[in-house]
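Chemist: Next up is a structure, given as structure tokens.
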Amino acid sequence: MKLATEEAWRGAFKSYMAQFSDCFYRHELADNTSLYVRGLLSDVARKNGWQLAQAVGLIDPHPLQRLLSEASWDEELLAKQLRELVMAQVGHEAGVAVIDESSFVKKGDKSAGVQKQYCGRLGKVENCQVGVFLGYVSPKGEAFLDRQLYIPQGWFEDKERCQQAKIPEQLAFKTKAELALELLERNWSEGLSLPWLVADSSYGNSPSFRQAVHDKGCSYVLQLGSQHQVLLRAKAYALRDVVKTLQDHDWLELMHGLGEKGPLAYAWAARRIRMPHDDIGLQWLLLRRSLDSQDENLSYYLSNAPSNTSLEDLACVALARHSIEQLLEQAKGELGLADYEVRSYPAWHRHMSLCMLAHSFLSLKQKKKPLAPLA
């Protein structure tokens, strides 16, 4: 569906937002939510409170700020209904769930979960918040499914600080891998079909995370850090030494589309191995290298996919992780994902939910076609 005219856009937007009306206890809140999402979809340079208000014709940002911080509405129900809508429109038997985290640079020490920690966007330690996100990509489209704010362990040692940031009292420290598993468990409990999962080494390095995903019957392709050892034919190998067991004919060159600098192409190889610290048994070790290099710049992935899975399918699933990086960059660049001015834990989740809502409106209505992860 192409929204070629302003009238068509307004009609489609009104119908889209009406699907979430039962998340709000008053019509006024539903109307302000529509204004907030419209503001996120506008072309203003920075989506802070005042600019959002001006973009939608309000004299001040208070109604929009109150929507995030004070008003009574059910952001978790909205997120659940959005997941159902996404899966109804782009769900596919070849769909891939994608876990990734994103950092939000912040000043001061009042915002929930903020501290000096690694900021992936800047590639260095910075004062920031970190969110864990669950996305979905299939041959029919791509979208966000869920989000969770990471709260560092040190925060839980200061109850007054947690109260000021409105962090729920029952909340306990969880690693990012545990938060990712919580997101997956929530989606599985809702009956969503997530046959494949891909994530980077922050999650692939966790044996407990891998085991929990495997026990759910989900096939994963998880990046591994180069420090691991694997068992190949009952012999222990450092990952960097596995490449020495490969011959030229073991490598398969695949082109995965076009990037800013030309074709995205890599050479891939795979071996059946065991990990020494889990009970999953034989798994795939996937190796990736650039076409212009030999032993340098290798990337490693671990997969519990069935033994008859093709190398092409494993490689395509591995690269599906880049879809959520694109989703996050698009949401930050176009939809104000990082422009929020709230400090509390609930308000962060509300803003992220509404950004996900705005993104899905664009993605689902205009049917943007991503690279299909599987044939």
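Read-outs: derived from the displayed coordinates by stated rules, not from any lab. These figures come from a predicted structure and were not determined experimentally. Cβ placement follows ideal geometry from the backbone for every residue including glycine, while neighbour counts extend to all protein chains displayed.
Chemist: Hey, does region 300-310 have a residue that's of a type outside the set (A, V, I, L, M), in contact with a strand residue (DSSP E or B) (Cβ under 9 Å, 6 or more places away or on another chain) and surrounded by fewer than 16 Cβ atoms within 10 Å (Cβ to Cβ)?
Modeler: Yes.
Chemist: Here is a list: Ile167, Ile151, Ile99. Which entry is within 18 Å of the chain's Cα centre (by Cα), closer than 22 Å to Pro346 by Cβ and in contact (Cβ under 8 Å) with a residue 12 or more places away in the chain?
Modeler: One residue alone meets the criteria, Ile151.
Chemist: Looking at Asp279, is it loosely packed, with under 12 Cβ neighbours inside 10 Å, farther than 27 Å from Tyr345 by Cα, touching a residue at least 40 places away in the same chain (Cβ under 8 Å) and acidic (Asp, Glu)?
Modeler: Judged against the criteria, Asp279 is a match.
Chemist: List the number of the failed condition for Ile59; all other conditions in (1) closer than 22 Å to Ser360 by Cβ; (2) assigned to a loop (DSSP other than H, G, I, E, B) hold.
Modeler: Exception for Ile59: condition (1).
Chemist: Do we have Asp313 as closer than 26 Å to Cys218 by Cα and of a type outside the set (Val, Ile, Thr) here?
Modeler: yes
Chemist: Also, quick follow-up: Taking region 15-56 only, how many residues are aromatic (Phe, Trp, Tyr), assigned to a helix (DSSP H, G or I) and either in contact with a Leu (Cβ under 7 Å, 6 or more places away or on another chain) or at positive phi (or both)?
Modeler: 1
Chemist: Follow-up. Just to be sure I understand, how many residues within region 172-194 are farther than 19 Å from Gln81 by Cβ, of a type in the set (A, V, I, L, M) and touching a residue at least 40 places away in the same chain (Cβ under 8 Å)?
Modeler: Summing the residues that are farther than 19 Å from Gln81 by Cβ, of a type in the set (A, V, I, L, M) and touching a residue at least 40 places away in the same chain (Cβ under 8 Å) in region 172-194 gives 2.
Chemist: Here is a further query. Sort out which residues of region 304-323 are without any contact (Cβ under 8 Å) to a residue 24 or more places away in the chain and part of a loop (DSSP other than H, G, I, E, B), and write them in order of number.
Modeler: Result: Asn308, Ser310.
Chemist: Something else: On the given criteria, is Lys124 among the basic types (Lys, Arg), in contact with a strand residue (DSSP E or B) (Cβ under 6 Å, 6 or more places away or on another chain) and surrounded by fewer than 16 Cβ atoms within 10 Å (Cβ to Cβ)?
Modeler: no
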